[in-house]
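Report on the structure given below.
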Amino acid sequence: MNCDPGNQKGLNDREKRQKWAISEAVVNSDRLDINNYPVMQRWETPFMMELAKVACENRGRVLEVGFGMGISARAIQQLQVQEHIILEANKSVFDKLQTFISSCNHPIVAHGPAFWQDSIDLIQDESLDGILYDAYPVVWDEQHTHQFDFIAKAYKKMLPGGILTYCNLTSFGVLRGRYDTWETLFNETQLPQLIKCGIPSTCINFKIVSVSPPPDCEYYNYDTAIVPICRKPFSALSDTSKGDEQVTKVPLLPPASASAGILRATNKISALKMTASEISKAEQELQTLKKQVMRKTSLWSVDGKPVTRRVNAWTQWGNLKEVVVGVADNGCFIPTQPACHPSVNREGGSNTTHKSSADAGSVISDELPWPKGRKKQAKIDAANAQLDNLAKVLEQRGIRVLRPDPSINWDREIKTPFFTAENQFCCVCGRDSVITIGNIILEATMSRRDRYFEVMAFRDIISELHKSDKNMLWKAAPKPTMRDGMYREEWWDLDLETRYKRMHDFTFCVSEDEPVFDAADITRCGKDIFVQLSMTCNRAGIEWLRRELSPHGIRVHMVRFPYDLAPSHLDCTFVPLRPGLVLTNPDRPCMEEDLKLLRKNGWRFIEAPPPVNSVRPWASQSSKWLSMNVLVIGPHTVVVEAEETSMKQLLENEGFEVISVPFRDVYEFGGGLHCATWDIERDDRMDDFFPNQH
Ligand code: ABU
């Protein structure tokens, strides 16, 4: 559709705008027309909501240009930004905006009736976190380009890290007929213009959403619509980029995973043949992608619906709504240290997917020392592929998935006043370093030196949640010194016989000098949590948890498994599946005394079957019982490792729907499906599943 709103021949642009400003707006629940021009229609709602979601990704101060029917304004209000500014040109629509404001909970600053050309300078430079531009092309010649005039001016109003999106359906509705795909349309008609506005090509992207315009819609006849996403880079790029000379094409879909983008950039940096300027460009790209990942992973929603975020997880089985899935980027071998003497699994095949031992483990352990530093990229890629797949499977179930910061270089020595660790580990297993208990996010002390800073990979997520959910409590357990005296080094040298003799006194490699626990030593059952006494969690740690959590009404119970010679983490030993049912480990029976509470309250125990594939990857430090490290995503649904068909059968017999996903390539990065996830929100409450306490 061409556009000459108001049949304004003979008028200059300013006069055309003035005429438009005073034209009567006719609005009903389905549409808004000005001068008989179809300015907006109700079917645009999912599209407008997606635009709002993009513009509000950073929350903060968001500018909306064009109020229209108030669809996006309503969505922005729901997304709870700090400040919502609206510019509206048409007087009649501006009046409706005033009525809207009086019904809103969050403050709106409205400028108008005025065109953005006359009011944009009221806004301070570098002050906006987000912009949503949706103005009507009042001047015919500007039908396909008016957004770029705006963006060229508005870009400097954005803060570094700010995000801008726009809508021009009267243009896209025409252009879509001229291009085969959205990708070509975007690359040919939008990207070059956006670059001219000063936005680096690496910061420009788009997504596609489904829409259902009625067949008689005057301006749009497609069942998808494009949501452009333009970010203002942080630091270096913002000064240097006045638009790229060469246009980098934007792929049809956003990068499959931003971590893949980071990987590409990292690889580029390490390629020796690169010139200095190429390295500098790749480094900038890396920085930008890193920020994008953090932003992207900080707020998510499903199906274009705004999400009210909530930190809430009382059980292991409530319907999972939001979760973090780890990433393997830059993952390293565990260094030898007082809390861990890693060793090669002699039975372990080098190809982790093979069921039979390839003897590689024994060859390695006989001939080579335990390796140090970063794992091979192929191993990292293989683990990431399975982690990404898990994330996809969960998303397909409507679960929001966040990812930790993949750019941290774990292959870096750390030094504190008390210890040195030659490299760190990775951030695959969020379950170990942080736990959600009700509305509390609790950072664990950790027990291993190489994991001292691991929680930092999750800090952006935690901090974002703290901003979004005003009820969330953020607690961090006291960091232990991890000095030599905190450990019993000699424990590692005990022969098997002595260990068997001593196993009932539950003394492990970590002493009782300071409270110590890994988050995965805890499992939640409503008001009651169970904490394993282990080599990663001492009595002092359990006592710390008890004192900290009992004021919140949470009852903390110690559980012990006397036949486990080196216990660490509860999720391969004692796995609550739903109210009244626990999956137990036949090799690691629980102390009868500790089971009393469960028995008194009628809980039932089912033993895990022997693992189908009990060959551990040669570098994995976990046990073969990762087969029972299942992720319960709802009271009737469990995710199980693909090869573990006996476990699948057992759970199906118990009435669960079982989702199988391959995960063995992740094992050497610290654990299985449960380990590699951290629940942020489950649909559950602080129920009492153990009313009979005594
Ligand atoms: N991180 C879970 C490992 C537990 C186990 O190896 O049995």
Give the carbon-plus-sulfur fraction of the accessible surface of the chain in %, rounded to a whole number; probe 1.4 Å, heavy atoms of protein chains only. 51 percent
Any idea of residue 466's accessible area? Nearest 10 Å², probe 1.4 Å. 80 Å²
Longest to shortest principal axis, alpha-carbon extents of the chain, angstrom: 100, 64, 47
Two-decimal Rg/Rh across the range 79-136, once Rg and the Kirkwood Rh are taken from alpha-carbon atoms: 0.95
Note, the range 73-90: 3J(HN,Hα) by Karplus (6.51, -1.76, 1.60, θ = phi - 60°), whole Hz, Gly/Pro = x, goes 4, 5, 5, 5, 4, 5, 7, 6, 6, 6, 9, 10, 10, 10, 9, 9, 8, 8
Computed over all unlike Cα pairs, the Kirkwood hydrodynamic radius of the range 60-212 in Å stands at 16.2 Å
Which length gain, in nm to one decimal place, applies between residue 467 and residue 645 when the Cα-Cα distance is subtracted from 0.36 nm times their residue separation? 59.9 nm
Going down the table (53/156; 475/600; 91/157; 470/648; 372/624; 475/648), which pairs top 28 Å between alpha carbons? 475/600; 470/648; 475/648
Calculated FRET value between residue 208 and residue 683, using beta carbons and R₀ = 25 Å, to 0.05: 0.25
What does the charge count near residue 225 come to, summing +1 for each Lys or Arg and -1 for each Asp or Glu among other residues with Cβ under 13 Å from its Cβ? -2
Residue 634 long-range amide H proximity, modeled H, under 5 Å: 320
Inter-part gap, Cα centre of the range 545-620 to Cα centre of the range 385-437, in whole angstrom, is 24 Å
Calc'd 3J(HN,Hα), the range 158-174, phi into Karplus 6.51 cos²θ - 1.76 cosθ + 1.60 (θ = phi - 60°), Hz, glycine/Pro = x, comes to 7, 6, x, x, x, 9, 10, 9, 8, 10, 9, 5, 5, 7, 5, x, 8
Towards the positive end of the charge dipole of the range 495-576, with charges on Cβ (+1 Lys, Arg; -1 Asp, Glu), say which of 533, 565, 510 has the farthest Cα. 533
For the range 497-505, Karplus couplings with θ = phi - 60° (6.51, -1.76, 1.60), whole Hz, Gly/Pro x: 4, 5, 4, 4, 5, 8, 5, 7, 8
How far is helix 45-55 tilted, in degrees, relative to the longest principal axis of the Cα atoms in the chain, given as a value from 0 to 90 rounded to the nearest 10? 70 degrees
Between residue 592 and residue 565, what FRET efficiency follows from the Cβ-Cβ distance if R0 is 30 Å, with the result rounded to 0.05? 0.95
Give, rounded to the nearest 20 debye, the magnitude of the charge dipole that the range 440-540 has about its Cα centre when Lys and Arg contribute +1 at Cβ and Asp and Glu contribute -1 at Cβ. 420 debye
Could you list which residues have their amide H under 5 Å from that of residue 131, counting only those 5 or more apart in sequence or on another chain, with H placed in the peptide plane? 63, 163, 164, 165
How large is the accessible surface per residue of the chain, computed with a 1.4 Å probe and reported in Å² as a whole number? 40 Å²
Under a Cβ-Cβ cut-off of 11 Å, what is the net charge of the residues other than residue 560 that fall near it, where Lys and Arg count +1 and Asp and Glu count -1? -3
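The values are calculated or read from the model by the stated rules, or taken from the named source; none is laboratory data. Small disclaimer: the values here were computed from a predicted structure and weren't measured. All Cβ positions, even for glycine, are placed from backbone atoms using ideal geometry, and neighbour counts span all protein chains on display. Ligands, DNA and RNA are stripped out before the accessible areas are found, and what is left, the full protein with its side chains, is counted by its heavy atoms. Shrake-Rupley method; radii C 1.70, N 1.55, O 1.52, S 1.80 Å.
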